[in-house]
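Asks: Quick one: the structure is below, and I'll ask about it shortly.
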Amino acid sequence: MSDIKRYPVKENIGLTTLVNNDQYEAMYKRSIDDSEGFWAEQGKRIDWIEPFTQVRDISFDEHKVNINWYKDGTLNASANCLDRHLATRGDQTAIIWEGDEPTDDRHISYKELHGEVCQFANALKTQGVRKGDVVCIYMPMVPQAVVAMLACARIGAIHSVVFGGFSPDALAGRIDDSQVKVVITADEGVRGGKTVPLKENVDEALTHPSVNTVEKVIVVKRTGANIDWHRSRDIWYHDAIAKESKHCQPAEMRAEDPLFILYTSGSTGKPKGVVHTTGGYMVYASLTHEYVFDYQEGEVYWCTADVGWITGHTYLVYGPLANGATSLMCEGLPNYPNINRVSQVVDKHGVNILYTAPTAIRALMAEGDAAVTETKRHSLRVLGTVGEPINPEAWEWYYRTIGEERCPIVDTWWQTETGGIMITPLPGATTLKPGSATRPFFGVQPALVDAEGNIVEGVGEGNLVILDSWPGQSRTLYGDHERFMQTYFSTYAGMYFTGDGARRDEDGYYWITGRVDDVLNVSGHRMGTAEIESALVAHPKVAEAAVVGYPHDIKGQGIYVYVTLNKGELSADKEVNDALVLELKKWVRQDIGPIATPDLIQLTSGLPKTRSGKIMRRILRKIAENECGALGDTSTLADPAVVDELIEQRVNR
Ligand code: WT7
């Protein structure tokens, strides 16, 4: 590892740094040695209605996991994002909305956002939404998506945002799981010049026999497209708010009342409804947003994530707005209509902090310097990445070409379940090494465990666990605390298991090596292999399917599928088989959504199984990676000949 480059902290980058490395070390030490005292102080960065007196009450015992932060405090998340700013920065822009077309944008001040959130909160009440009800938000990247989230928070309804790229089936499953009362959507979404039929998808999802709790569908008019209308159920957003007051008393919520549910994929079973609560989440979102991005008063901050993911929740909405930032929200794609769109948006709005994903960086990098032509990017000060390990080449390109060697890069490791950033450099404090997420954030105690469950000390490699709670941690899975304990706390008793592997170097820096379970990371999106497999076996011609990841230049991981067909379905005619492969790709796309579309499908007469019938994924992974010389031990296979056929007919060349 001696050839690893280091980028020492620069003195002249215009950072008004919050901490230098010595301060980081001291603050980190205190946050661990005196967790109670540290988090009691940090808890004050949020406005409480009833101040807390208890800071933490935690059990990581695998059979009775119970996580409480600021338990006896009460607050309202939307008041923390809006009302608290009205006196000091009511006229400051809260959200800059940049539409899909470069000519389309809007500035929304804190005062305006507050007014619209109150109106919509009142509208939700009028539509029968009460404290504790679940509201599903299936929206494009328009300001009303943020309004809807904050309006739910204002009245104590629990929002469940479902990414607009998910299919009607995937949406139906998520609506059904949390007994959603109201769905908020748009007639259509717009991305990269194409429209997405959101309302039509909702209509279809609601025809599923299992979905029977939805009373109202509120529809934002985005494109004015023709849509079906169910008179007793559907209501336009603009009609719903028309007569509502711009004042709405924020509901007093307990710190541990749920703020939102967000579904994410696991290695088995259906998607998990990760639950985040109010007090700890808000403290953690606001603290990490300020320190990790070195956020300074009045700056323009741009997180490119969709609100359908946790990054959008914590670092487009709750963190920046709690801190009174100007948060930029972009409707479209980073390369539409031109490859230099990101840079153009940076110049147009004077973006100071840019937070994006390695997959987007690699897509821009693939076009050489075209991504920066005719742009200056002088406003940029800090760059961030999230979602998957960033390869050093992409890091260097981001650093040199986008940031002109001026801006530190924060490579932030975290998860839907962690609520906020966990392992990350702090700009101006941490010497950077391209490809490393570096050091833990305040209060975070990562550790590595070996196959036997022993903690690895010093330099080494293992599975990444977190030894103690932090305020942003997810508390449970919606309706299934048993699964929560089982998934995260039973692998290594008394520790939170992340599902990732990592390595720690001689400086104590962490290098995340990726998932160690059957979860794929495709363009920074988490995909459960089991979900894709169950979509495939639902096809009438498919007998069995096994899904693995393989390295993909832009997406990080691509989806490689092995399919065995029912007797007689495999044709002797290549064209017939090719047509079926296309049909299967479309099938998965329709069942889950475009992000789950298989990249490569291999039709095979069998899968490598042990004598007890377990599919040996290790072998399938190697073949998909085109590393057929290193298959390891195949002697336990029921029929070793299968492997020769798989290698022979692999489709990744
Ligand atoms: C998984 C979590 C956190 C918001 C976006 C994804 C991978 C995330 C990094 C990073 C290496 C990363 C991990 C993690 N991951 N950030 N900086 N370096 N890997 O949230 O969908 O919950 O996925 O993304 O594998 O477990 P998510």
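The values are calculated or read from the model by the stated rules, or taken from the named source; none is laboratory data. This one's a predicted model, so the numbers in the text were calculated from it and none came from an experiment. A quick note on method: Cβ atoms are made from the backbone with ideal geometry, for glycine too, and the neighbour counts reach across all protein chains shown.
Asks: Identify all residues within region 626-648 that are under 16 Å from THR604 (Cβ atoms) and either touching a His at 6+ places or on another chain (Cβ under 8 Å) or not in a loop (DSSP other than H, G, I, E, B) (or both); write none if there are none.
Replies: Scanning region 626-648 gives CYS628, LEU637, ALA641, VAL642, VAL643, ASP644, GLU645, LEU646, ILE647, GLU648.
Asks: While we're on this one: Only residues in region 398-410 that are in the same structural domain as VAL386 (by the TED database) count as the first member; pair them with residues that are basic (Lys, Arg) and not in a helix (DSSP H, G or I), Cβ under 6 angstrom, at least 6 apart or cross-chain, and list the lot.
Replies: CYS407/ARG381
Asks: Next question. Mind telling me which of the residues GLN54, GLN92 ends up being over 23 Å from ILE158 (Cα atoms), touching a residue at least 60 places away in the same chain (Cβ under 8 Å) and surrounded by fewer than 21 Cβ atoms within 10 Å (Cβ to Cβ)?
Replies: Criteria check complete, one pass: GLN92.
Asks: Kindly indicate whether LEU637 is more than 17 Å from VAL547 (Cβ to Cβ), surrounded by 12 or more Cβ atoms within 10 Å (Cβ to Cβ) and of a type in the set (A, V, I, L, M).
Replies: Yes.
Asks: A further question on this structure: Which members of region 400-412 meet the condition of being crowded, with 19+ Cβ neighbours inside 10 Å and either under 21 Å from ASN338 (Cα atoms) or more than 16 Å from the ligand (Cβ to nearest atom) (or both)?
Replies: ILE402, GLY403, CYS407
Asks: Within the bounds of region 413-429, is there any residue that is more than 15 Å from the ligand (Cβ to nearest atom) and surrounded by fewer than 18 Cβ atoms within 10 Å (Cβ to Cβ)?
Replies: Looking for residues that are more than 15 Å from the ligand (Cβ to nearest atom) and surrounded by fewer than 18 Cβ atoms within 10 Å (Cβ to Cβ), one finds none in region 413-429, hence no.
Asks: Provide a single number: the residues in region 564-579 that are under 39 Å from the mean Cα position of the chain (by Cα) and under 17 Å from ARG650 (Cβ atoms).
Replies: The qualifying residues number 4.
For (1) in contact (Cβ under 8 Å) with a residue 12 or more places away in the chain; (2) more than 16 Å from the ligand (Cβ to nearest atom); (3) surrounded by 23 or more Cβ atoms within 10 Å (Cβ to Cβ), each residue gets a yes or a no:
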site	(1), (2), (3)
THR277	yes, yes, yes
VAL307	yes, no, yes
ILE339	yes, yes, no
PRO358	yes, no, yes
ILE361	yes, no, yes
THR385	yes, no, yes
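Asks: Still on this structure, please answer the following. Out of region 232-265, which residues are surrounded by fewer than 22 Cβ atoms within 10 Å (Cβ to Cβ) and within 16 Å of the chain's Cα centre (by Cα)?
Replies: Scanning region 232-265 gives a single hit, THR264.
Asks: May I pose another question? When GLY368 is evaluated against the numbered criteria (1) on the phi > 0 side of the Ramachandran plot; (2) touching a residue at least 24 places away in the same chain (Cβ under 8 Å); (3) more than 16 Å from the ligand (Cβ to nearest atom), which criterion, by number, is the only one it fails?
Replies: So the condition that GLY368 fails would be (2).
Asks: Being away from the ligand (no atom under 15 Å from the Cβ) and under 16 Å from ALA502 (Cβ atoms) is the filter here; which residues of region 430-448 pass it?
Replies: Correct list: GLN445, ALA447.
Asks: Can you tell me which residue in region 601-625 is nearest to THR564 (Cα to Cα), limited to those that are part of a helix (DSSP H, G or I) and among the hydrophobic types (A, V, I, L, M, F, W, C)?
Replies: LEU620
Asks: Next question. Would you please name the residue that is nearest to ILE615 (Cα to Cα), looking only at residues in region 531-570 that are of a type in the set (Gly, Ala, Ser) and in a strand (DSSP E or B)?
Replies: Taking the candidates together, the pick is ALA546.
Asks: Examine region 143-166 for a residue that is out of contact with any Lys or Arg (no Cβ under 7 Å at 6 or more places or on another chain) and either without any contact (Cβ under 8 Å) to a residue 24 or more places away in the chain or of a type in the set (Ser, Thr, Tyr) (or both), and state whether such a residue exists.
Replies: Scanning region 143-166 turns up no residue that is out of contact with any Lys or Arg (no Cβ under 7 Å at 6 or more places or on another chain) and either without any contact (Cβ under 8 Å) to a residue 24 or more places away in the chain or of a type in the set (Ser, Thr, Tyr) (or both).
Asks: Which of the residues belonging to region 468-480 are away from the ligand (no atom under 15 Å from the Cβ) and part of a loop (DSSP other than H, G, I, E, B)?
Replies: The answer is ASP468, SER469, PRO471, ARG475, TYR478, GLY479, ASP480.
Asks: Then there is this: Answer yes if at least one residue in region 595-610 is modelled with pLDDT under 95, touching a Ser or Thr at 6+ places or on another chain (Cβ under 9 Å), of a type in the set (D, E, K, R) and over 15 Å from VAL522 (Cα atoms), and no otherwise.
Replies: no
This table checks each residue for (1) in contact with a strand residue (DSSP E or B) (Cβ under 7 Å, 6 or more places away or on another chain); (2) in contact (Cβ under 8 Å) with a residue 60 or more places away in the chain.
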residue: THR564; (1), (2): yes, no
residue: LYS567; (1), (2): no, no
residue: LYS585; (1), (2): yes, no
residue: GLY593; (1), (2): no, yes
residue: ARG611; (1), (2): no, no
residue: LYS614; (1), (2): no, no
residue: LEU620; (1), (2): yes, yes
residue: ILE623; (1), (2): no, no
residue: VAL642; (1), (2): no, no
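Asks: The conditions are (1) over 20 Å from ILE58 (Cβ atoms); (2) within 14 Å of the ligand (Cβ to nearest atom), and VAL465 fails exactly one of them. Which is it?
Replies: Failing condition for VAL465: (1).
Yes or no, residue by residue, for (1) within 14 Å of the ligand (Cβ to nearest atom); (2) of a type in the set (Gly, Ala, Ser):
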| position | (1), (2) |
| --- | --- |
| ALA255 | no, yes |
| GLY266 | yes, yes |
| SER286 | no, yes |
| ASP294 | no, no |
| GLU297 | no, no |
| THR311 | yes, no |
| ALA325 | no, yes |
| MET329 | no, no |
| PRO334 | no, no |
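Asks: Given VAL220, VAL190, which one is touching a helix residue (DSSP H, G or I) at 6+ places or on another chain (Cβ under 8 Å), in contact (Cβ under 8 Å) with a residue 40 or more places away in the chain and not acidic (Asp, Glu)? It would help to see each step written out before you state the result.
Replies: Values: VAL190 fails: touching a helix residue (DSSP H, G or I) at 6+ places or on another chain (Cβ under 8 Å).
Selected residue: VAL220, the only one of VAL220, VAL190 that is touching a helix residue (DSSP H, G or I) at 6+ places or on another chain (Cβ under 8 Å), in contact (Cβ under 8 Å) with a residue 40 or more places away in the chain and not acidic (Asp, Glu).
Asks: Looking at GLY298, GLY308, GLY312, GLY273, which one is assigned to a loop (DSSP other than H, G, I, E, B) and modelled with pLDDT of 95 or more?
Replies: From the options GLY298, GLY308, GLY312, GLY273, the qualifying one is GLY308.
Asks: Being away from the ligand (no atom under 16 Å from the Cβ) and touching a strand residue (DSSP E or B) at 6+ places or on another chain (Cβ under 9 Å) is true for just one of VAL548, VAL522, VAL542. Which residue is that?
Replies: From the options VAL548, VAL522, VAL542, the qualifying one is VAL542.
Asks: Sticking with this one: Across region 481-506, what is the number of residues that are assigned to a loop (DSSP other than H, G, I, E, B) and either touching a residue at least 40 places away in the same chain (Cβ under 8 Å) or within 10 Å of the ligand (Cβ to nearest atom) (or both)?
Replies: Counting residues in region 481-506 that are assigned to a loop (DSSP other than H, G, I, E, B) and either touching a residue at least 40 places away in the same chain (Cβ under 8 Å) or within 10 Å of the ligand (Cβ to nearest atom) (or both) gives 7.
Asks: Taking only pairs six or more apart or across chains, which ones have beta-carbon atoms under 8 Å, a first residue in region 522-533 that is within 13 Å of ALA357 (Cα to Cα), and a second residue that is within 10 Å of the ligand (Cβ to nearest atom) and of a type in the set (Phe, Trp, Tyr)?
Replies: HIS525/TRP309
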